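The values are calculated or read from the model by the stated rules, or taken from the named source; none is laboratory data. The model shown is predicted, which means the values in this text are computed figures rather than measured ones. Quick reminder, even Gly has a Cβ in these numbers, built from the backbone with ideal geometry, and neighbours come from all protein chains shown. These accessible areas exclude ligands, DNA and RNA; they are computed on the full protein's heavy atoms, side chains included. Shrake-Rupley method; radii C 1.70, N 1.55, O 1.52, S 1.80 Å.
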Amino acid sequence: MRNVTETVKQLVIINVLFFVGTLALGDVAYKYLALYFPENPGFEYWQIISHMFMHGGFMHIFFNMFALYSFGSALESVWGSKKFLFFYISCGLGAALLHTGVNYYYFQDGLNTLMENGFQKQDILQILSEGKINTGWQEVLTVSDFNNFTSAYIGTAVGASGAIYGTIVAFAFMFPNAELALMFIPVPIKAKYFVPGIVLVDLYLGISGKSIFGGGGIAHFAHVGGALFGFIIMWYWKKNQFNNNRWN
């Protein structure tokens, strides 16, 4: 087993403390710390950061923290703490940016369609701000458009998954031939094939609205956003040959 590095250890502790706090505070914690849609009255600027340390359940935080330990420690041991922390937070912010951007597109698309069919913007926003919906919207919007429109405004995002996806992408850059495996895939796959594969699956699921296990509520575009920002940063660092001396 790989020894956990200092920054990874601190991030795991913070995430666990947040999780324990949510168990004690319940919905109150999610109300203030989960990431809301910017036009939702529940949105606060600190949520851009705080949502990265929130999780929706034990399995959610377990798999994220296990991935952070497994891949993050390998990166921090090479990069050092400052470079790794910068990278990790940047990927988390990138995940929030793409997730919010996609939601903004879904929301504006649905809003414009409703307004073109006689609904007033002020009335629509008022209803949504109360956490309600107008069943008449379903007569105008398709099922998928209605779901995307309402969930974009009312839904929230939590989790370190975006930052984790960026970390996994960086691992594939640094150790492309390392063999990885999932519990339901018994054959090890090299990181340079494994990581693009899971990102493409997330992209497909995000676009199609489908789910492998039949559940919902997964922010697939946040995963893709974290992976994308991780790729961009790694590409930039590789192109400009950034090294650890710049972070010491």
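Just to confirm the number: angle between the C-alpha axis of helix 220-240 and the first principal axis of the chain, 0 to 90 degrees, nearest 10? For helix 220-240, the angle is close to 40 degrees. In order along the stretch 97-102, the phi-based Karplus estimate (6.51 cos²θ - 1.76 cosθ + 1.60, θ = phi - 60°) of 3J(HN,Hα) comes to 5, 5, 4, 5, x, 5 Hz; Gly and Pro are listed as x. For a paramagnetic label modelled on SER129 (point 7 Å from Cα along Cα→Cβ), amide N atoms under 16 Å away belong, within the stretch 26-48, to 37-44.
The angle between the Cα long axis of helix 161-174 and the longest principal axis of the Cα atoms of the chain comes to about 30 degrees, rounded to the nearest 10.
Once the other residues with Cβ under 11 Å from the Cβ of LEU128 are scored (Lys, Arg +1; Asp, Glu -1), what is the net sum? Local net charge: -1.
The label point for GLN120 and the one for SER77, both projected 7 Å from the Cα toward the Cβ, are 6.4 nm apart.
Stretching LYS192 away from VAL28 to a fully extended chain increases their span by 54.9 nm, per 0.36 nm per residue minus the current alpha-carbon distance.
For the stretch 6-240, a/c is not less than 1.5, where a ≥ b ≥ c are the root eigenvalues of the C-alpha gyration tensor, and a/b tops b/c. That puts it in the prolate class. Counting only protein heavy atoms and a 1.4 Å probe, the stretch 6-240 has 53 square angstrom of accessible area per residue. Find out how many positive minus negative residues lie around ALA152, taking Lys and Arg as positive, Asp and Glu as negative, among other residues whose Cβ is under 14 Å from that of ALA152. Its environment carries a net charge of -3. Computed from the C-beta positions of ILE13 and ILE232 and an R0 of 30 Å, the FRET efficiency is 0.55 to the nearest 0.05. Between MET59 and TRP46, full extension at 0.36 nm per residue minus the direct alpha carbon distance yields a gain of 2.2 nm.
For the chain, the longest principal axis of the alpha carbon atoms and the long axis of helix 143-154 meet at an angle near 70°. Taking the accessible area of the chain, probe 1.4 Å, and keeping the other protein chains in place, the carbon and sulfur fraction comes to 63%.
Here the contact order of the chain, divided by its residue count and restricted to Cα pairs under 8 Å and six or more residues apart, works out to 26 percent.
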